[in-house]
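The values are calculated or read from the model by the stated rules, or taken from the named source; none is laboratory data. All figures in this text were calculated on a predicted structure; none of them were measured in a lab. Heads up, the Cβs are rebuilt from the backbone with ideal geometry, glycines too, and the neighbour counts pull from every protein chain shown. These area figures cover heavy atoms from the full protein model, side chains too; ligands, DNA and RNA do not enter into them. Shrake-Rupley method; radii C 1.70, N 1.55, O 1.52, S 1.80 Å.
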Amino acid sequence: MFDGAALLHLTGIGKGVTGLKKNKTMIVVFLTPAVVMFSIIFLYPIIRTVLMSFFKIEGVTDAMSKWEFSGMANYIKLFNTELFRISMWNIFRIWLFGGLIVMGLALLFAAILTSGIRFKNVFRAIIYMPNVVSAVALATMWLQYVFSPKFGLFRSIGKALHWEWLEKFQWLDPSHLFIALLVAYCFGMVGYHMLIFASGIERIGTEYYEAATLDGANRIQQFRYITLPLLKGVTKTNITMWSISSAGFFLWSQLFSMVVSNTQTITPVVYMYQNIFGAGNSMTERNAGIGAAVGVLLSVCVVLIFVVCDKIFKDNDIEF
C-alpha cells in the first residue's frame, strides 16, 4: 500500500511525463513547417540536381520521363572538354590569387580600423561601400572610367607619374582581360571580408594586449602571437564564404564579356549556363544534365575546401 509521499512522488513523475509529451508535441508543431519548407526549397532541388547529372536532358524543366540515362558520360565529357577545363582553371586562379589579395587587404584594414584610430566608422563605411553598389554599376565604372584606354583613371595616373607602362597598358585587351576582371572583383569584395575580420578582432579581450605590452611585445608581435591565433575560426569562415562566392562567379564574367564569353573570363557557372540554355557560339547542344554535373562538381569543391580548412584551422584549444 502506497503512503502519501509515494503517491505525491508518482504524481509528480506523471505530471513530468505529461509535460514532456506536451513539449515534444509543441516542438513537432513548430519544426514541421520549417522542415517542410527546407525539403521543398533546398533538399528536393539538391537531390534532383544530383540525379540530373546522370542523365541527358534537353530542357531543364523536362519531365523525368524524357530523361535519357547516360551514367557517368556527362562527367567524362566535362573533363574531356577543353573549355570546361579552362573555366575551372580560371575559377581556381580567382579563388587562389584573388583570395590572397582580398584576405590580405581585408585583414590589414581590419587590424588598422580596430587599432583605435579616429574616424574608424567613416573609413569602415568607405571601404565597405563597394558592397552596397550594384555589381552592374561597379563593373561599368571599372570598364568605362578606370580601364578605358582613352580617358581611364589608370591611364591618367600613369601619365601624371610618367609611368609609360601604366599609361599604355591595355587592360581590356583579350590577353589582359582576366587581370582586369580580378582587380575589379577584388576591389568590391575587400569590405565584406574586412567586416568579418574586424568583428573577430573586436571579440579579443584587451587584457591579452595589455599583458603583452607589459612583457615588452610590440604591435607586430602582438598581431602575430595574439591576433592571428585567435582569428583561426574567423579565418576559416572567411575562406569558406570566399569559396562559395568564387564557385558562383557569374555576373562579373558576363559583364566583362558581354557578347560571347571570352576564354579569359569564362567560369564554370557561365559554362553551366551555356549548356542549360544553349547560349554562346561554343555550344553544339543543350544538355541540362551536363549543367547539373557542373553544379555537383562545384559543390564538391566547396565541401572539400571546407573540410581542409576545418583540419588546418583548428581552434578547439583556443579560448577567449
Original post:
What pairs can you find where one residue is in region 84-99 and under 23 Å from Lys236 (Cα atoms) and in contact (Cβ under 8 Å) with a residue 60 or more places away in the chain, the other is among the β-branched types (Val, Ile, Thr) and in a helix (DSSP H, G or I), and their Cβ atoms are less than 9 Å apart, with a gap of 6+ or different chains?
Top reply: Ile91/Val269; Trp95/Ile305; Gly99/Ile239
**OP:** Identify all residues within region 250-261 that are at pLDDT below 75 and in contact with a helix residue (DSSP H, G or I) (Cβ under 6 Å, 6 or more places away or on another chain); write none if there are none.
**Re:** Ser261
Original post:
Ile47 passes all but one of (1) among the β-branched types (Val, Ile, Thr); (2) under 26 Å from Thr265 (Cβ atoms); (3) out of contact with any helix residue (DSSP H, G or I) (no Cβ under 9 Å at 6 or more places or on another chain); which number fails?
Top reply: (2)
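With the structure loaded, tell me whether Ile117 is modelled with pLDDT of 90 or more, out of contact with any strand residue (DSSP E or B) (no Cβ under 9 Å at 6 or more places or on another chain) and exposed (fewer than 15 other Cβ atoms within 10 Å of the Cβ) or whether it fails that test. Full working, then the answer.
Values: modelled with pLDDT of 90 or more: no; out of contact with any strand residue (DSSP E or B) (no Cβ under 9 Å at 6 or more places or on another chain): yes; exposed (fewer than 15 other Cβ atoms within 10 Å of the Cβ): yes.
It is false that Ile117 is modelled with pLDDT of 90 or more, out of contact with any strand residue (DSSP E or B) (no Cβ under 9 Å at 6 or more places or on another chain) and exposed (fewer than 15 other Cβ atoms within 10 Å of the Cβ).
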**OP:** Considering each of His176, His162 in turn, give the residue that is closer than 27 Å to Gly248 by Cβ and at pLDDT below 90.
**Re:** His176
Original post:
From the residues in region 118-159 that are of a type in the set (A, V, I, L, M, F, W, C) and touching a residue at least 60 places away in the same chain (Cβ under 8 Å), which one is nearest to Val190 (Cα to Cα)?
Top reply: Ile127
Subject >> Residue tally, condition in contact (Cβ under 8 Å) with a residue 24 or more places away in the chain and among the small types (Gly, Ala, Ser), over region 216-245 >> reply: 3
Original post:
Which of (1) open to solvent by less than 60 Å² (accessible area, probe 1.4 Å); (2) in contact with a strand residue (DSSP E or B) (Cβ under 6 Å, 6 or more places away or on another chain); (3) modelled with pLDDT of 90 or more is the odd one out, the single condition Ser70 does not satisfy?
Top reply: (3)
